[in-house]
Amino acid sequence: MRIISGKFKGKKISLPKDKKTRPLRDLVKESVFNLIQHSKKFNCKIDDSNVLDLFSGSGSFGLECISRNANKVVFIENYVEALSVLKKNTLILKNTESFKIYEEDCFNFLKSKKLNEKFDIIFLDPPYKEGKINLIIESIKKNNVLSKDGVIIIHRHKKDDVDISLNLNILDERNYGISKIIIGN
């Protein structure tokens, strides 16, 4: 995998060797960034944005955001194998102030209210088997960490049947192969 665009375009991204971490495929990542850049359904851009990357894995999404001039990315990951790769991948970044890594469970992190800032983009990419998506969305809303025009981008399996429409105003939903991308606020 590589960074697709921006100042780090072409840089290789390492991936965990085990099968527990599912990287965001380049085609899906490219499509998500095209939606962010060109959609008329929401008003959110990457430039100068603050990004929260939950279940970061290898950091592919957040690294792409930094490469495309995001102001700051906060990575949240607690799986040891993925965390090691995430730290390795962030070494390509010259400015260590453009990101922060929290080695913590996403559910506990959001409950702890450690964040005293708002995010323009919250990327939520839990394991496909994780069914407690609504708890995360509720925590995001309860802790008021999404900016006024911000969006939550969720990556799920296209056959996922968790109903998130009760907690999220869905602005766009797309399928790419086995992936389903849901964008809302």
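Give me the pairs: first residue in the stretch 19-39 and farther than 12 Å from residue 181 by Cβ, second residue in a loop (DSSP other than H, G, I, E, B) and among the small types (Gly, Ala, Ser), beta-carbon distance under 7 Å, and six or more apart or on different chains, which are they?
21/57; 21/58; 23/57; 23/58
Out of all the residues in the stretch 75-86, which are buried (at least 18 other Cβ atoms within 10 Å of the Cβ) and either under 25 Å from residue 10 (Cβ atoms) or touching a Cys at 6+ places or on another chain (Cβ under 6 Å) (or both)?
Residues of the stretch 75-86 that are buried (at least 18 other Cβ atoms within 10 Å of the Cβ), as a first pass: 75-77, 79, 82-83, 85-86.
Of everything in the stretch 75-86, those that are buried (at least 18 other Cβ atoms within 10 Å of the Cβ) and either under 25 Å from residue 10 (Cβ atoms) or touching a Cys at 6+ places or on another chain (Cβ under 6 Å) (or both) turn out to be 75, 76, 77, 82, 83, 85, 86.
Within the stretch 100-107, is even one residue part of a helix (DSSP H, G or I) and either over 14 Å from the mean Cα position of the chain (by Cα) or in contact (Cβ under 8 Å) with a residue 12 or more places away in the chain (or both)? Outline the logic, then answer.
Taking the stretch 100-107 first, the residues part of a helix (DSSP H, G or I) are 106-107.
Within this subset, residues satisfying the condition of being either over 14 Å from the mean Cα position of the chain (by Cα) or in contact (Cβ under 8 Å) with a residue 12 or more places away in the chain (or both) are 106-107.
For the stretch 100-107, residues part of a helix (DSSP H, G or I) and either over 14 Å from the mean Cα position of the chain (by Cα) or in contact (Cβ under 8 Å) with a residue 12 or more places away in the chain (or both): present.
Does residue 89 count as at pLDDT below 95, among the polar types (S, T, N, Q) and crowded, with 18+ Cβ neighbours inside 10 Å? Let's see the steps before the verdict.
Working: at pLDDT below 95: yes; among the polar types (S, T, N, Q): yes; crowded, with 18+ Cβ neighbours inside 10 Å: yes.
Spelling it out, residue 89 is indeed at pLDDT below 95, among the polar types (S, T, N, Q) and crowded, with 18+ Cβ neighbours inside 10 Å.
In the stretch 103-125, which residue that is of a type outside the set (A, V, I, L, M, F, W, C) and crowded, with 19+ Cβ neighbours inside 10 Å is modelled with the highest pLDDT?
Restricting attention to the stretch 103-125, the residues satisfying the condition of being of a type outside the set (A, V, I, L, M, F, W, C) are 103-105, 108, 111-114, 116-118, 120, 125.
From the residues that got through so far, the ones that are crowded, with 19+ Cβ neighbours inside 10 Å too are 120, 125.
Numbers: 120: 97, 125: 91.
For the stretch 103-125, the residue satisfying everything is 120.
Right, residue 43: polar (S, T, N, Q) and under 20 Å from residue 173 (Cβ atoms) or not?
Values: polar (S, T, N, Q): yes; under 20 Å from residue 173 (Cβ atoms): yes.
When the stated conditions are applied, residue 43 passes them.
What do you reckon, is residue 47 within 17 Å of the chain's Cα centre (by Cα), surrounded by fewer than 19 Cβ atoms within 10 Å (Cβ to Cβ) and either free of Cβ contacts under 8 Å to residues at least 40 places away in the same chain or not in a strand (DSSP E or B) (or both)?
Taking the combined requirement at face value, the residue satisfies it.
I'm checking my understanding of the structure. Among residues of the stretch 2-24 that are under 19 Å from residue 126 (Cβ atoms) and surrounded by 16 or more Cβ atoms within 10 Å (Cβ to Cβ), which one is modelled with the highest pLDDT?
Looking only at the stretch 2-24, we keep the residues that are under 19 Å from residue 126 (Cβ atoms), and these are 15-16, 18-24.
Filter again for surrounded by 16 or more Cβ atoms within 10 Å (Cβ to Cβ), leaving 15-16, 21-24.
Values: 15: 88, 16: 84, 21: 74, 22: 71, 23: 72, 24: 77.
Only one residue tops the list, namely 15.
Of all residues in the stretch 130-182, which are of a type in the set (A, V, I, L, M), farther than 20 Å from residue 41 by Cβ and either in contact (Cβ under 8 Å) with a residue 60 or more places away in the chain or touching a Leu at 6+ places or on another chain (Cβ under 8 Å) (or both)?
Those that are of a type in the set (A, V, I, L, M), farther than 20 Å from residue 41 by Cβ and either in contact (Cβ under 8 Å) with a residue 60 or more places away in the chain or touching a Leu at 6+ places or on another chain (Cβ under 8 Å) (or both): 133, 136, 145.
The values are calculated or read from the model by the stated rules, or taken from the named source; none is laboratory data. Remember, it's a predicted structure, so these values are computed and weren't measured experimentally. In this analysis, Cβ positions are derived from the backbone assuming ideal geometry, glycine residues included, and neighbour counts consider all displayed protein chains.
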